[in-house]
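First the structure, in the form of structure tokens, and then the observations on it.
Values quoted throughout were computed directly from the atomic coordinates according to the rules given, and no laboratory measurement underlies them. Here the structure is a predicted model, which means the values were calculated and not measured. All Cβ positions, even for glycine, are placed from backbone atoms using ideal geometry, and neighbour counts span all protein chains on display.
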Amino acid sequence: MAKKNLEVSTKNKSVKPTNGRQKKLKVAVKLSNYELKDVLRMMLTARTIDNKALNFLRQGKTFFHIAGAGHEAIQAAIGLCLDKDNDWYFPYYRDMTVALYSGVTVKEIFLQCFAKDSDPASGGRQLPEHWGSRRNRLVSQSSPTGTQFLQAVGTAFATVRQNERRITYVSSGEGTTSQGEFHEAVNWSSREKLPLLFVVQNNKYAISVPVQEQSGGKDNSIAEMMTGYENLLRFRVNGTDFFESYEKVSEAVDYIRSGKGPALIEAECVRLLSHSSSDDQKKYRTKEELEEDSRKCPVEKLAKHLINEEILTNEEYDNLKKEINEEVTEAADEAIAESDPDPKEAHRYVFDESGFKETLDYEISEPSGKKIVMVDAINHALHEEMKRNDKMYIFGEDVADKKGGVFTATKGLSTTFGDKRVFNSPLAEASITGMATGMAVAGLKPVVEIQFGDYIWPGFMQIRSETSTMRYRSKNVWASPIVVRVAVGGYIHGGLYHSQNIEATFAHIPGIFIAYPSNAADTKGLLKTACRINDPVLFCEHKGLYRQSFATSPEPDENYLLPFGKAKVVREGTDITVISYGLSMWDSVFAAKRLENDGYSVEVIDIRTLIPLDEETIYNSVKKTNKAIVIHEDTLTGGFGAEIAARISDNCFQFLDGPVKRIAAKDAHIPYSPILEAAILPNREEVYKGIKALLQF
Ligand SMILES: Cc1ncc(C[n+]2csc(CCOP(=O)(O)OP(=O)(O)O)c2C)c(N)n1
Ligand SMILES: [Mg+2]
């Protein structure tokens with residue numbers, strides 16, 4: 001039986017560093033015997049799950065496991081200090097003990113381990129240890145190292161804007177702090193003093209790469225590396241020591257809750273098992289080093305301490321181990337007996353299936369206002385939607401007044417709606433898309449601007465691997481329906497890096513809608529719809545059309561919405577179908593007019609949205625005209641024209657009187673000189689001749 005209550009004082013123990021200074025621990029750790037035994041129980045439970053999961057793997061019952069063994073003490077401290085009924089969690093794959101503390105049950109862990117249908121994190125869609133629990137605001141975690149950081153900034157930001165007193169917790173290993181997104185997240189959260197707890201669990205290895213080859217901080221310390229962020233409280237603790245960890249996490253949490261800013265804890269841990277079940281650390285670590293690490297086992301350390309302090313007897317410890325083993329075995333047995341996922345469901349929840357967007361009232365009026373240019377249509381749509389929805393936020397580079405965006409699309413918005421809802425982002429596209437993804441997860445509606453399509457690529461990882469997968473990978477539990485407005489396109493003598501078209505790259509990604517309108521009215525209607533629906537949208541705006549006279553339209557009213565996936569027959573004709581979008585749509589229209597003088601009847605279809613694609617309108621037209629040509633500004637190879645052409649061949653083969661043709665940019669980059677640029681991008685003459693050649697086929 002336990003004899004005395006423990007009051008462990010860690011006073012006078014020094015912890016290095018706190019913003020560069022040595023600091024004495026101030027608070028004694030006061031936990032009751034009962035609480036301390038519970039800490040041991042949680043740590044031991046995590047360890048037992050690791051061992052059990054590896055056994056199942058050896059038995060061929062599972063395919064993957066990544067263990068938290070050696071990280072339990074710091075994680076127990078985090079678990080105790082956070083409020084599972086209130087805070088947000090972005091844990092990483094080693095956070096088994098944090099997951100347990102956040103409310104994930106042992107059975108739920110095994111449901112994911114066995115990829116069962118009822119796995120609440122992903123319904124069997126993600127690897128084990130890719131946490132997720134709506135119940136406890138534990139956001140679906142993915143595999144790319146470091147993407148969680150910027151999303152965590154997004155939820156922390158959302159809590160502040162919604163006057164909620166919550167902390168957002170985010171963690172990773174030390175190797176992951178080499179990713180730019182970590183630095184972007186620390187930068188943004190420190191500047192805004194966001195309530196964010198960063199915990200870097202430094203086990204000295206990123207798979208096989210030692211921290212000495214990884215981090216440029218003094219002593220290769222991550223906390224040292226982050227010196228200079230004024231509002232960031234930094235601690236470096238022994239993460240295998242529960243008491244030290246608990247004390248410093250408590251202090252960090254107090255600091256964060258007081259509103260002073262984020263805190264970063266670097267916890268020195270040991271990786272007692274190989275990186276994952278696919279790795280064998282004996283190949284790159286010495287026996288001596290592994291033995292030294294095993295002597296630092298946090299579970300044994302705490303157990304020994306409790307025994308020494310007569311809080312626990314050896315016999316009680318043995319019984320506890322047995323008891324936990326039985327509990328874990330029972331939970332695993334229950335989990336393995338549950339149903340496997342249904343393969344018929346494998347494709348579901350790429351997009352929202354609630355039927356919400358089908359309930360919107362589309363095209364209930366005719367655009368009949370004053371003529372406006374496309375960029376003003378965007379500006380008005382944003383004003384109207386911001387007024388309607390106080391959860392909508394706009395940010396991006398230079399979007400705030402007085403500039404109002406480099407193309408003035410956002411002019412007046414920050415003045416009208418204030419700098420809390422419309423603001424400049426740092427010059428960092430991953431920050432923009434990652435922040436937005438996290439804000440959307442927390443229920444806000446970010447409508448962000450990427451200044452040039454050419455610079456969307458730093459934010460691509462977030463859009464590709466996070467925004468677009470969130471709903472699918474969590475089996476409809478989480479979603480991040482952001483709108484990414486992006487200026488694209490050439491013919492403006494912008495050279496290689498102000499002219500790109502990006503739609504084909506994104507069209508390849510399941511889980512994101514793509515709009516690419518050609519005129520002001522469609523732009524307004526589609527953008528307003530994008531701001532309302534539950535799916536992420538890439539909204540392509542051609543710079544050459546922003547103020548183009550032929551792209552002007554009478555302005556639609558504030559209730560005008562256009563559906564995604566509905567093409568427009570811009571010109572009716574009977575001899576050939578021309579399918580296009582964006583600026584190329586206008587080249588097609590001008591060619592059609594010229595061809596009319598030559599005696600041909602040309603039907604022009606503006607698809608308006610690539611994803612979803614209105615196949616019906618295209619096929620109906622091709623069945624009537626028996627000829628089809630796709631025209632776009634993006635490069636030919638792997639362009640969206642290839643997709644449309646393939647689908648026409650599949651579905652209208654017997655109706656075709658000629659090959660499905662494409663006209664596109666040459667497979668090159670877009671040079672600056674107008675002479676060179678014209679040689680790469682499709683031009684009106686080329687479009688006219690190309691259509692005519694197919695007409696004469
Ligand atoms: C962006 C990205 N690059 C590479 C990987 C493959 N990978 C997975 S974990 C890992 C090492 C991470 O090391 P660290 O951050 O120190 O965490 P630890 O696993 O040691 O806890 C690597 C390279 C990945 N998942 N994501
Ligand atoms: Mg590591």
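To the nearest 20 debye, what charge dipole does the chain have about its Cα centre, counting +1 at the Cβ of each Lys and Arg and -1 at the Cβ of each Asp and Glu?
Value, rounded to 20: 1300 debye.
Quick check: the distance between the Cα centres of segment 538-586 and segment 147-188, to the nearest angstrom?
Here the two parts' Cα centres lie 39 Å apart.
Going by how many other Cβ atoms sit within 10 Å of their own, how do 433, 176 line up, fewest first?
Ranked by crowding around the Cβ, least crowded first: 176, 433.
Can you give the local net charge around residue 636? Use residues other than it whose beta-carbon is closer than 9 angstrom to its beta-carbon, Lys and Arg +1, Asp and Glu -1.
0
Measure up 524/566; 387/411; 524/624; 218/296; 624/692; 357/623 against 20 Å on the Cα-Cα distance and list the ones that go over.
Too far apart for the 20 Å limit: 524/624; 218/296; 357/623.
Nearest 20 debye, what's the magnitude of the dipole of segment 569-695 about its Cα centre given +1 on Lys and Arg Cβ and -1 on Asp and Glu Cβ?
Its charge dipole is roughly 240 debye.
Most exposed first by the Cβ proxy, i.e. fewest other Cβ within 10 Å, how do 542, 65 rank?
If I rank by nearby Cβ atoms, fewest first, I get 65, 542.
Cα atoms only, segment 7-340: Rg and Dmax in Å?
Cα radius of gyration and Dmax of segment 7-340 are 18.9, 55 Å respectively.
As a footprinting exposure proxy, order 32, 189, 339 by other Cβ within 10 Å, with the fewest listed first.
The fewest-first ordering by Cβ neighbours comes to 339, 32, 189.
Show which lysines lie in cross-link reach of residue 260 when reach means a straight Cα distance below 23 angstrom and same-chain residues fewer than eight apart are skipped.
16, 23, 24, 26, 84, 193, 248, 420
Which of 423, 409, 381 sits closest to the plus end of the dipole of segment 370-434, meaning its Cα is farthest towards the positive end, when Lys and Arg get +1 and Asp and Glu get -1 on the C-beta?
In segment 370-434, that residue is 381.
Can you tell me the equivalent ellipsoid semi-axes for the chain? Use √(5λ) from the Cα gyration tensor, largest first, whole Å.
Those come to 55, 27, 22 Å.
Roughly what % of DSSP beta bridges within the chain run antiparallel, to the nearest 5?
20
I need the phi-derived Karplus couplings for segment 510-518: 6.51 cos²θ - 1.76 cosθ + 1.60, θ = phi - 60°, integer Hz, Gly and Pro marked x.
Karplus values, whole Hz, x for Gly and Pro: x, x, 9, 7, 10, 10, 8, x, 10.
Work out the charge dipole of the chain with +1 on the Cβ of Lys and Arg and -1 on the Cβ of Asp and Glu about the Cα centre, then indicate which of 111, 88, 482 is farthest towards its positive end.
Going by the charge dipole, the pick is 88.
Report the Cα centroid-to-centroid distance between segment 66-89 and segment 646-697 in angstrom, as an integer.
Rounded to whole Å, the Cα centres lie 57 Å apart.
Could you list which residues have their amide H under 5 Å from that of residue 201, counting only those 5 or more apart in sequence or on another chain, with H placed in the peptide plane?
Residues meeting the criterion, in which the H sits 1.01 Å from N, are 172, 173, 174, 267.
Helix 33-58: angle to the longest alpha-carbon principal axis of the chain, degrees 0 to 90, nearest 10?
60
Calculate one ³J(HN,Hα) per residue across segment 232-239 by plugging θ = phi - 60° into the Karplus curve 6.51 cos²θ - 1.76 cosθ + 1.60, and present them in order as whole Hz with x for glycine and proline.
Here the 3J(HN,Hα) series is 8, 7, 10, 9, 10, 10, 7, x Hz.
Among DSSP beta bridges whose residues both lie in segment 357-554, state the antiparallel percentage, nearest 5.
Antiparallel: roughly 10 percent of the beta bridges in segment 357-554.
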